[in-house]
Amino acid sequence: MSNEPLPPLNSLQAFEAAGRHESFLYAAAELQVSPGAISRHVRLLERFLGTELFVRQSNGVTLTPVGNLYARKVSRIVRDLRRATAQVRTPDPAAGPRPGPP
């Protein structure tokens with residue numbers, strides 16, 4: 001197992017949402033935080049990685065080529081994490097029975 005440090009997980013979550021929407025505003029709405037918080041998290045992640053992930057313009061943001069590659073990989077990981085969580089999470093008894101594995 002590698003001893004490489006993980007990036008800040010809140011920053012990864014902010015980046016994943018911002019990358020999916022290509023918008024700090026929509027990412028902020030989804031995560032129920034301010035656009036400024038998304039921007040700070042993305043900047044922190046960019047400093048951690050040593051590269052820019054977004055091109056910032058007056059009319060919004062777009063992923064850089066490196067950002068696009070990273071966003072695809074991070075989105076896959078987040079999707080897998082959501083599936084794994086759903087498979088092991090204890091259901092709310094009020095919600096009724098949970099369907100079996102796919």
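The values are calculated or read from the model by the stated rules, or taken from the named source; none is laboratory data. All figures in this text were calculated on a predicted structure; none of them were measured in a lab. Please note: Cβ atoms are built from the backbone with ideal geometry, for glycine as well, and neighbour counts cover all protein chains shown. Areas reflect the complete protein model, heavy atoms only, side chains present, ligands, DNA and RNA absent. Shrake-Rupley method; radii C 1.70, N 1.55, O 1.52, S 1.80 Å.
Here are some notes:
- When restricted to residues that are among the charged types (D, E, K, R) and closer than 13 Å to Phe24 by Cα, segment 36-85 contains 3.
- Count - residues of segment 24-49 that are among the polar types (S, T, N, Q) and touching a helix residue (DSSP H, G or I) at 6+ places or on another chain (Cβ under 9 Å): 2
- Residue ID - surrounded by the fewest Cβ atoms within 10 Å (Cβ to Cβ), chosen from residues in segment 1-46 that are under 15 Å from Thr64 (Cβ atoms) and over 13 Å from the mean Cα position of the chain (by Cα): Arg43
- Residues of segment 27-63 that are in contact with a Leu (Cβ under 8 Å, 6 or more places away or on another chain) and under 22 Å from Glu4 (Cβ atoms): Val42, Leu45, Glu46, Leu53.
- Residue check, Arg56 in a helix (DSSP H, G or I) and surrounded by fewer than 16 Cβ atoms within 10 Å (Cβ to Cβ): no
- Near pairs, Cβ below 9 angstrom, 6+ apart or cross-chain, from segment 23-49 (acidic (Asp, Glu)) to any residue that is open to solvent by 60 Å² or more (accessible area, probe 1.4 Å): Glu30/Arg20; Glu30/His21; Glu46/Glu52
Yes or no, residue by residue, for (1) touching a Phe, Trp or Tyr at 6+ places or on another chain (Cβ under 6 Å); (2) basic (Lys, Arg); (3) more than 19 Å from Arg79 (Cα to Cα):
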position	(1), (2), (3)
Leu25	no, no, yes
Glu30	no, no, no
Ser34	no, no, yes
Arg40	no, yes, yes
Arg43	no, yes, yes
Glu46	no, no, yes
Gly50	no, no, yes
Gln57	no, no, yes
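Okay, residues lined up against (1) of a type in the set (D, E, K, R); (2) not in a helix (DSSP H, G or I):
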| residue | (1), (2) |
| --- | --- |
| Glu4 | yes, yes |
| Asn10 | no, no |
| Gln13 | no, no |
| Ala18 | no, no |
| Ala28 | no, no |
| Val33 | no, yes |
| Ser39 | no, no |
| Val42 | no, no |
| Leu45 | no, no |
